[in-house]
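The values are calculated or read from the model by the stated rules, or taken from the named source; none is laboratory data. Predicted model, so just to flag it, every value in this text is computed and none were measured. Quick reminder, even Gly has a Cβ in these numbers, built from the backbone with ideal geometry, and neighbours come from all protein chains shown. These area figures cover heavy atoms from the full protein model, side chains too; ligands, DNA and RNA do not enter into them. Shrake-Rupley method; radii C 1.70, N 1.55, O 1.52, S 1.80 Å.
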2 protein chains.
Amino acid sequence: MTTQGMGNLVIGQSGGPTAVINASLAGVLQEANKHPMFSGIYGLVHGIEGALKEEFIDLKQETKETLDRLSTTASSILGSCRHKLSEGDYERILEVFKAHGVHYFIYIGGNDSMDTCHKISELSAAMDYELHVAGVPKTIDNDLVHTDHTPGYGSAAKFIAHATRDSGLDLEAMATFDDVTILETMGRNTGWLAASSVLGKDSEDQAPHLIYVPEVTFNEDRFLTSISHVHARLGRVYVVVCEGIKDEAGRFIGEHIVKPDHKDQFGHTLVALTAGVAFYLSNLVREKLGLQSRFLRPALVGRTFGPYVSEIDRKEAFDVGRTAVINLVADETNFMVSLERLSDRPYSFGTRKVPLLEVANKEKLLPSEFINPSGNMITEAFKDYALPLIDGLLPPIAQLKGIRVRKKLSSF
Amino acid sequence: MTTQGMGNLVIGQSGGPTAVINASLAGVLQEANKHPMFSGIYGLVHGIEGALKEEFIDLKQETKETLDRLSTTASSILGSCRHKLSEGDYERILEVFKAHGVHYFIYIGGNDSMDTCHKISELSAAMDYELHVAGVPKTIDNDLVHTDHTPGYGSAAKFIAHATRDSGLDLEAMATFDDVTILETMGRNTGWLAASSVLGKDSEDQAPHLIYVPEVTFNEDRFLTSISHVHARLGRVYVVVCEGIKDEAGRFIGEHIVKPDHKDQFGHTLVALTAGVAFYLSNLVREKLGLQSRFLRPALVGRTFGPYVSEIDRKEAFDVGRTAVINLVADETNFMVSLERLSDRPYSFGTRKVPLLEVANKEKLLPSEFINPSGNMITEAFKDYALPLIDGLLPPIAQLKGIRVRKKLSSF
């Protein structure tokens with residue numbers, strides 16, 4: 001399979017963008033350009049929607065300068081989508097691939113996209129059409145199974161870790177005026193990103209003081225009690241909450257404020273259409289406890305903030321893209337490239353292939369050893385896992401010894 | 001006035017923290033430590049509240065390591081406050097200063113703080129108590145008069161410029177799914193920070209497409225019409241809105257959603273206590289136009305994000321602190337150190353003294369030449385003014401030539 005001009009390679013990007021998904025595309029292109037077996041290299045415009053509409057970008061026409069800048073350009077440059085495919089869509093995609101001589105397909109995405117890859121791969125086999133399919137993992141949610149973590153997570157986690165530490169210092173400075181700050185993170189059903197807020201925390205008094213993740217059922221009374229305790233001790237409370245936390249009945253917290261009835265094509269409730277859980281809880285704190293409270297909701301700002309990515313994340317994103325091509329060249333198909341941790345100190349990683357079926361539509365939750373028994377804080381074990389993914393500890397901050405002089409109208 | 005041990009120097013930080021306010025403190029300390037005339041150097045704990053409560057930190061006890069890290073530590077390390085002083089408070093402060101042998105006072109803050117400085121200075125003169133008072137400017141709002149700009153603004157502006165560009169790329173990638181993104185910036189009565197969102201914009205199609213600032217009366221109908229026009233043209237709309245925009249009646253937009261009655265001690269309505277203007281407008285867009293809309297509200301994350309500050313801002317913050325000390329040593333008093341632009345290309349700055357009275361309680365609005373005639377975009381003239389303050393243009397991104405191949409079931 002290394003003869004010349006065996007067919008066209010098509011690459012798509014899917015789902016929520018990240019700060020490093022274009023590094024995966026750069027990895028794919030850098031490797032693919034070495035192999036003459038790919039007659040043409042095309043990008044799908046807006047992911048699988050581009051296949052349905054026959055909209056491609058000829059990536060061999062791009063300049064070296066553009067390709068060089070890909071790894072440091074945030075978001076999905078080919079365009080992305082959230083498109084739930086129907087049965088007929090899969091056949092249409094294969095018809096289009098066939099008509100255009102596409103024999104290699106790489107899809108960069110999350111668990112929905114791995115399902116799409118798997119179904120396309122299976123259908124091509126059933127139709128006896130030669131198509132080599134590779135999935136490249138990507139999601140800030142870090143919720144894919146059979147991979148140590150996902151490209152995109154480290155950068156989003158690094159942003160949240162630093163944002164929490166520094167806005168925590170802001171709350172500390174303003175503690176005679178403000179009482180509570182609540183930061184909302186993304187994360188549909190899992191708390192990986194909310195958990196990352198702990199990575200800049202060095203002491204009990206530093207932010208965050210409470211972290212709420214969807215893996216633990218949320219209870220408003222316990223939440224208010226915890227807020228009161230921390231406030232009584234410190235005079236301030238910094239809370240991090242995942243957008244996807246739910247109560248005992250499985251309802252998203254705060255969703256009844258606006259409209260709970262909006263769902264996307266995958267049937268996921270779009271929590272973004274309410275004012276959000278941080279606003280709801282902020283209001284609750286003010287009304288029930290009489291404390292001043294602010295809410296922060298960086299949302300998309302955090303998932304695609306280009307100037308402060310994790311360098312290890314960028315490197316891994318590049319490598320999974322490159323490895324996908326190497327495996328296609330070696331005649332492999334129907335796999336996702338996954339990341340394997342080889343060692344913790346110093347951190348090193350490798351890649352391996354996982355059958356798409358084992359990854360498709362599955363979700364990896366935060367394991368219980370990463371959550372404290374009270375369900376409102378993240379453990380040291382999580383720090384050991386996640387610190388290498390954000391390039392290690394944040395740069396240290398000045399901390400005053402705080403030798404205080406407090407005397408009544410007497411000289412120093 | 002350069003004899004040894006003339007009195008103690010006291011430094012305070014006031015109002016909302018910034019990413020570089022500690023650089024001003026570092027500038028003060030580095031210079032003050034050279035002058036033996038300052039018998040002691042003390043920090044006020046939580047600004048002027050520390051003076052009222054006689055709570056000081058002995059800054060001569062801090063290690064060199066701590067002092068070295070100050071310039072790269074976000075937020076106000078001494079603690080800040082928003083404390084409206086009563087008449088009796090000023091006398092109390094002077095009593096405390098007198099009792100503790102304080103003859104030098106530097107206050108790092110915004111226009112309220114410059115008023116505090118001025119009143120303390122006037123009262124000390126009236127009481128014939130020798131007190132040298134210097135104000136050091138600080139605010140992400142950039143709303144102080146008689147200074148080209150304020151330390152803290154450049155860093156917050158750089159964050160907003162980059163956040164807008166990159167989350168704008170996110171919206172572009174997801175434009176077949178999402179329609180509108182609305183980013184809310186801080187800024188009580190002025191649009192300087194919202195305006196900075198334009199600094200990463202290179203073309204008409206790039207984010208932001210619409211910018212709303214408090215200097216222009218907001219009209220919902222015109223807003224919805226503009227959204228429709230941009231959406232019809234591009235299929236997506238990225239909006240930046242300042243938290244402080246108001247309607248013809250002077251009411252904050254969206255404030256009636258929750259509670260409009262909360263004011264701080266200065267009588268400013270606390271817009272942060274509602275769900276915010278971006279949420280309100282996002283909801284309006286969905287209900288009136290049927291478009292998908294998200295809102296982003298980084299708030300404190302943007303004002304104190306340490307790892308991505310403007311280096312020129314950090315340098316200027318340091319220099320205004322240092323210059324305040326140099327002027328106190330030269331027997332000056334009752335002044336604020338202001339920043340003067342000496343040249344644009346290459347950018348260079350100097351400092352000068354401004355009488356506190358001329359700065360106190362005044363607010364600098366965005367001038368009309370920085371706002372387009374329709375009142376929904378920021379001009380190139382603003383870019384010329386503000387780009388040097390964020391270290392110049394953002395690093396370039398990859399832009400696909402986008403040679404699209406769109407054919408119906410035919411070969412490439």
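Points worth noting:
- The single condition among (1) within 7 Å of chain A (Cβ to nearest Cβ); (2) closer than 21 Å to B:Phe305 by Cα; (3) among the acidic types (Asp, Glu) that B:Asp68 does not satisfy is (1).
- Being within 14 Å of chain B (Cβ to nearest Cβ) and of a type in the set (Gly, Ala, Ser) is a property that holds for A:Ala275.
- Residue satisfying all of: in the stretch A:289-315; aromatic (Phe, Trp, Tyr) and buried (at least 23 other Cβ atoms within 10 Å of the Cβ); nearest to A:Phe159 (Cα to Cα) among these: A:Phe305
- Residue in the stretch B:316-324 that is more than 30 Å from B:Thr116 (Cα to Cα), open to solvent by 60 Å² or more (accessible area, probe 1.4 Å) and modelled with pLDDT of 95 or more present: no
- Of the residues making up the stretch A:331-344, those that are in contact (Cβ under 8 Å) with a residue 40 or more places away in the chain and either acidic (Asp, Glu) or open to solvent by 10 Å² or more (accessible area, probe 1.4 Å) (or both) number 7.
- A Cβ distance below 9 Å, combined with a sequence gap of six or more or placement on separate chains, defines the contacts here; from the stretch A:167-188, residues that are at the interface with chain B (Cβ under 7 Å from one of its Cβ atoms) and within 13 Å of B:Ser76 (Cα to Cα) reach residues that are of a type in the set (A, V, I, L, M) and part of a strand (DSSP E or B) in the pairs A:Ser167/A:Leu183; A:Ser167/A:Leu296.
- Boolean, B:His83 is buried (at least 19 other Cβ atoms within 10 Å of the Cβ) and either without any contact (Cβ under 8 Å) to a residue 60 or more places away in the chain or not charged (D, E, K, R) (or both): yes
- Residue check, A:Lys84 within 24 Å of A:Lys364 (Cβ to Cβ) and either in a loop (DSSP other than H, G, I, E, B) or of a type in the set (A, V, I, L, M) (or both): yes
- Residue within the stretch A:345-367 that is more than 21 Å from the chain's Cα centre (by Cα), of a type in the set (D, E, K, R) and modelled with pLDDT under 95 present: yes
- In the stretch B:110-117, the count of residues that are more than 27 Å from B:Leu365 (Cα to Cα) and open to solvent by 20 Å² or more (accessible area, probe 1.4 Å) is zero.
- Of all residues in the stretch A:147-158, exactly one satisfies the criterion of being within 14 Å of chain B (Cβ to nearest Cβ) and either part of a loop (DSSP other than H, G, I, E, B) or free of Cβ contacts under 8 Å to residues at least 60 places away in the same chain (or both), namely A:Gly152.
- Boolean, A:Leu67 is assigned to a helix (DSSP H, G or I), surrounded by fewer than 24 Cβ atoms within 10 Å (Cβ to Cβ), touching a helix residue (DSSP H, G or I) at 6+ places or on another chain (Cβ under 7 Å) and at pLDDT below 95: yes
- When residues of the stretch B:41-64 are limited to those that are open to solvent by less than 10 Å² (accessible area, probe 1.4 Å), over 17 Å from B:Gly27 (Cβ atoms) and not hydrophobic (A, V, I, L, M, F, W, C), the one nearest to the other protein chains (Cβ to nearest Cβ): B:Glu54
- All positions within the stretch B:371-393 that are open to solvent by 20 Å² or more (accessible area, probe 1.4 Å), under 25 Å from B:Lys158 (Cβ atoms) and either touching a Lys or Arg at 6+ places or on another chain (Cβ under 9 Å) or at pLDDT below 95 (or both): B:Asn376, B:Lys383, B:Tyr385, B:Pro388, B:Asp391
- The set of residues in the stretch A:159-207 that are over 18 Å from A:Gly16 (Cβ atoms), open to solvent by less than 20 Å² (accessible area, probe 1.4 Å) and not in a helix (DSSP H, G or I) comprises A:Met174, A:Asp178, A:Val180, A:Thr181, A:Ile182, A:Leu183, A:Gln206, A:Ala207.
- Qualifying residue in the stretch B:115-130 (condition: within 11 Å of chain A (Cβ to nearest Cβ) and touching a helix residue (DSSP H, G or I) at 6+ places or on another chain (Cβ under 8 Å)): no
- Residues of the stretch A:216-257 that turn out to be without any contact (Cβ under 8 Å) to a residue 24 or more places away in the chain, of a type in the set (D, E, K, R) and in a loop (DSSP other than H, G, I, E, B), as a count: 1
- When A:Pro36, A:Pro17 are checked against the criterion of being touching a residue at least 12 places away in the same chain (Cβ under 8 Å), within 11 Å of another protein chain (Cβ to nearest Cβ) and in a loop (DSSP other than H, G, I, E, B), a single residue qualifies: A:Pro17.
- For the stretch A:70-80, a residue qualifies if it is part of a loop (DSSP other than H, G, I, E, B) and open to solvent by less than 30 Å² (accessible area, probe 1.4 Å), and the qualifying residues are A:Ser71, A:Thr73, A:Ala74, A:Ser75, A:Ser76, A:Leu78, A:Gly79, A:Ser80.
- Test: B:Leu144 is open to solvent by less than 10 Å² (accessible area, probe 1.4 Å) and within 14 Å of chain A (Cβ to nearest Cβ): no
- Residue, surrounded by the most Cβ atoms within 10 Å (Cβ to Cβ), within the stretch A:345-359, restricted to residues that are outside any strand (DSSP E or B) and out of contact with any Ser or Thr (no Cβ under 8 Å at 6 or more places or on another chain): A:Leu357
- Top-ranked residue in the stretch A:303-326 [being at the interface with chain B (Cβ under 8 Å from one of its Cβ atoms) and not in a loop (DSSP other than H, G, I, E, B); ranked as farthest from the chain's Cα centre (by Cα)]: A:Pro307
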